[in-house]
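Written out below as structure tokens is the structure these notes cover.
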2 protein chains.
Amino acid sequence: MISFDSFVMEDGSPIYMQILLYIKRGIVAGKILHDDELPSRRLLSSLLGVNPNTVQKAYKLLEDEGLIRSQTGAASTMCLDENKIEFVRRDLLERDTRNVIRTMRQMGVTQEQAIRLIERFWNEVES
Amino acid sequence: MISFDSFVMEDGSPIYMQILLYIKRGIVAGKILHDDELPSRRLLSSLLGVNPNTVQKAYKLLEDEGLIRSQTGAASTMCLDENKIEFVRRDLLERDTRNVIRTMRQMGVTQEQAIRLIERFWNEVES
DNA sequence: GCAACTGTATCGGTCTTATAATACACTTAA
DNA sequence: TTAAGTGTATTATAAGACCGATACAGTTGC
């Protein structure tokens with residue numbers, strides 16, 4: 001059963017999107033593996049204190065991407081392979097990187113300054 | 001008059017927020033200076049193809065932060081000093097950096113890999 | 001004074017997000 | 001078999017974000 005212990009709710013983005021990204025980042029980190037079982041909609045909604053429909057929306061989007069397999073009556077499971085994992089990695093990691101580079105350049109930051117910023121803050125940020 | 005030539009509209013975030021961030025990044029980059037005149041709400045809304053209220057919302061938020069001075073009848077002007085600029089720099093640069101570090105660590109990326117990502121994509125991203 | 005420009009305020013419509021309350025079909029385990 | 005758990009779907013409601021249209025008030029320049 002995939003754990004949501006380290007899930008922290010933040011405001012600013014929709015809850016269903018936070019759930020979706022939590023799972024995708026777990027995939028990229030190698031913490032979530034093929035055939036892993038997901039908590040049921042009702043259980044996870046209870047754990048997070050949100051409406052079951054909100055969890056369903058996240059799961060539905062993941063199923064539309066082919067990352068989750070669901071069949072009525074049984075627990076939903078992760079449906080992964082090397083190609084899918086690599087696709088998610090690119091989608092998350094490279095898009096994040098490009099975005100932060102774009103905004104930094106708009107602020108006149110050089111590559112060297114950007115790297116120095118990463119080095120300076122890397123150990124400050126709590127995981 | 002502050003130029004919006006390099007402003008590119010993107011979807012995904014509110015227009016008023018894109019306008020606000022465009023100005024703040026211009027401040028950090030040193031392209032926007034104290035006493036610089038802003039285009040009027042109606043002119044900028046016409047340039048960007050949006051409603052004057054959308055521009056007004058961005059300007060209003062900047063005025064609430066003390067970065068813009070507005071008086072009815074006259075053009076709004078930038079209202080900056082060293083402290084304000086430094087505050088905006090920290091607010092934008094450090095928050096962006098912390099955010100990208102947090103998500104990268106959630107994906108199991110090491111500091112060395114993060115720096116390598118920055119180096120690899122730095123010259124690819126169009127400004 | 002008047003026209004044209006400034007900033008400001010208000011109202012309303014549309015969409016997204018989140019919630020709630022159901023209902024139904026299927027699977028599993030007691 | 002039956003009860004409890006699965007996934008799925010529908011409808012309604014509420015709140016907020018976002019944007020558009022409009023009106024009003026002050027300044028400037030002719």
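Brief remarks follow.
- For the residues B:Val100, B:Val88, the requirement of being β-branched (Val, Ile, Thr), touching a Ser or Thr at 6+ places or on another chain (Cβ under 9 Å) and buried (at least 17 other Cβ atoms within 10 Å of the Cβ) singles out B:Val100.
A quick yes/no check of all residues on (1) modelled with pLDDT of 95 or more; (2) within 8 Å of another protein chain (Cβ to nearest Cβ):
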| residue | (1), (2) |
| --- | --- |
| B:Leu33 | yes, no |
| B:Gln71 | no, no |
| B:Thr77 | yes, no |
| B:Arg89 | yes, yes |
| B:Val125 | no, yes |
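- Of the candidates B:Leu33, B:Leu67, B:Leu43, B:Leu93, the single residue that is within 28 Å of A:Glu119 (Cβ to Cβ) and not basic (Lys, Arg) is B:Leu93.
- Test: residue in region B:55-62 that is more than 17 Å from B:Val8 (Cα to Cα), within 14 Å of chain A (Cβ to nearest Cβ) and hydrophobic (A, V, I, L, M, F, W, C): no
- Segments classed as helices (runs of 4 or more DSSP H), wholly inside region A:1-103, with at least 3 members that are within 11 Å of DNA strand D (Cβ to nearest atom) and over 19 Å from B:Thr103 (Cα atoms): A:41-48, A:52-64
- Filtered by the rule that a residue be surrounded by fewer than 17 Cβ atoms within 10 Å (Cβ to Cβ) and either of a type in the set (A, V, I, L, M) or within 7 Å of DNA strand C (Cβ to nearest atom) (or both), region A:53-84 gives A:Asn53, A:Leu61, A:Gln71, A:Thr72, A:Gly73, A:Ala74, A:Ala75.
The values are calculated or read from the model by the stated rules, or taken from the named source; none is laboratory data. Since the structure is predicted, the reported quantities are computational estimates derived from the model, not experimental observations. With ideal geometry, Cβ positions are generated from the backbone for all residues, glycine too; neighbour counts draw on all protein chains shown.
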